[in-house]
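Bear in mind that the values in this text are calculations on the coordinates, not laboratory data. Values in this document were obtained by computation on a predicted structure and should not be read as measured data. Here the Cβ is made from the backbone with ideal geometry for all residues, glycine too, and neighbour counts use every protein chain on show.
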Amino acid sequence: MHANRPALAPGGLPLLGHLPALLSRPLAFLDTLPAHGDLVRIRVGPREMYVASGPEAVRRVLTDRTGYDRTGPLYGKIRAFLGNGLASCPHADHPRLRRIVQPAFRPGLLPHYAGAMTAETAALLAGWRPGRAVDVTREAFRLTTAVAVRTLFSAGLEPPAAEALRAALDVLLRGIYLRVVLPAADLLPTPARRNYRRALATWRSGVAAIIADHRARGIDRGDVLALLLAARDEHGRPLAEDELADQVATLVLAGAETTSSALAWSLRLVAEHPEVERKLHAEVDAVLPDGRPAEWSDLPRLPYAARVIDEALRLYPPAWAISRTTTRPVELDGAELPAGALVVCCLYLLQRRPELFPRPQEFDPDRFADGGMPRGGYLPFGFGATKCLGDRFGLAEAVLALATVAARWRLRPAAPGPVRPVPRLVLSPGPQPMLPRARR
Ligand code: HEM
């Protein structure tokens, strides 16, 4: 079976392997891998995993549904906390759940959801003051969780209840990653653990109460939950109660931190590239001359803002590493992998390949100007049957927020120095204090 093994990345330490490098300078470490091949072995503690960064290999892993599955320890832990949601369920459960959840994301509903995006962006920016530093990573996360709660549960939720759910979610999303990489985190009776458990209880009871209320009143408020309640599988069966709660939790998890990272990276990249900032300001000044928040109907006139988001998603794909486990021995990129092997599709590396993207490290939104992206080389939303269901939702949200910020504020880093990316389940830029300067 080991006849054809991919190269092992150099520099691993005894016992820990490449874990220290992955934790302390993750992107710099990943950048060293392509020199050793499109498929490279790394060691994370006692486990070996394969990092795929070539377009063929990545597409193969994401589309071969019998050879690879969303199983293994990582997905096991996510499911232990979040249940069997569409974004983390094994392939066997996937077609049925996808069929049920998909209608909530059909294009015709987006203008309706965009109303919540516009309103929440305006509410967030109302709290900004000239010269008072804001952590834009945190602000972006506040925005996307608020939008998620509002589009899922609609206006039927009183503001304090919506805020309690959003705050619980904030604690949960941060805590889940810690528990995935460090299972011991749940064994020690620390205040952080108490906090996490309280948030989990608030979230579960809050969601259960909302579902019960929706059911009891039978009113269609035009939100995602109403659509999920009405949905039926191919046998005409609705989702069971626990399945429904799992999908709700998953949608928020899959949508909130990914979109907020895309927005936070974009705000940073724009601040660091004066020419991009100039073009973006020119566009938003023409579309939003009075500084009003951008709306759904403005999107066709915001192509440059969209390109900024597309390019930020290329350089810093929030879903930087999509993992799968082999279900049987497979051949990949000329190598033979055993059953049970953990394969990570590294979109971060794929989208920086020089033969696919000239000057790959440069932030250049105009590379998207003629729709000129190589097929299969740009996959921030994944590929195949599990491709992101919320891609248009996330893009609309990020573009509307970016345009609205740019129409009113010019942002500058509050402290000099490079960003320190934090690869959690999502590739996040980490805390980024920035100073807003009023543009009008
Ligand atoms: C810029 C923002 C986003 C990025 C970069 C992103 C990226 C991705 C990627 C790469 C996958 C594929 C995962 C896999 O194959 O295992 C995925 C799946 C998914 N995403 Fe997104 N996503 C974003 C926003 C959203 C939003 C806003 C929502 C919902 C409101 C959402 C819902 C989902 C769901 C439900 C899945 C699972 C699809 C399936 O397995 O059938 N995503 N996303």
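Just a few scattered comments:
- Applying 1/(1 + (r/R0)^6) with R0 = 45 Å to the Cβ-Cβ distance of A161 and L13 gives a FRET efficiency near 0.40.
- Percent RCO, i.e. relative contact order, over the chain, from Cα pairs under 8 Å lying at least 6 residues apart: 25 percent
- Anisotropy class of segment 1-154 from Cα gyration tensor, a/c 1.5 cut: oblate
- D31 versus T190: modelled label distance in nm, points set 7 Å from Cα along the beta carbon direction: 3.1 nm
- Net lengthening on full extension, R278/R301 (0.36 nm per residue, minus Cα-Cα): 6.6 nm
- In segment 19-438, inverting the average of 1/r over every pair of distinct C-alpha atoms gives 22.3 Å as the Kirkwood radius.
- Values of log10 I(q)/I(0), in the order q = 0.14, 0.17, 0.23 Å⁻¹, for segment 242-356 under a Debye, Cα-only, solvent-free model: -0.82, -1.00, -1.27
- Inter-part distance where segment 55-110 and segment 337-378 are each reduced to a Cα centre, Å: 21 Å
- Spacing of the modelled spin labels on K387 and N4, each 7 Å from Cα toward Cβ, amounts to 2.9 nm.
- Remark: the E336-A414 segment gains 23.1 nm on full extension, using 0.36 nm per residue and subtracting the alpha carbon distance.
- Projected label distance in nm at A122 and A438, using a 7 Å step from Cα toward the beta-carbon: 1.9 nm
- Averaging the sequence gap over all C-alpha pairs within less than 8 Å and six or more residues apart, then dividing by the number of residues, gives segment 186-316 a relative contact order of 17 percent.
- FRET E, pair E355, D290, Förster distance 51 Å, beta-carbon r, rounded to 0.05: 0.65
- Peptides 283-293, 261-271, ordered by how many other C-beta atoms sit within 10 Å of their residues on average, highest first, read 261-271, 283-293.
- Relative contact order of segment 115-269: 33 percent, from C-alpha pairs under 8 Å at least 6 residues apart in sequence.
- Its Cα centre serving as origin, the chain has a Cβ charge dipole (Lys and Arg +1, Asp and Glu -1) of approximately 840 debye.
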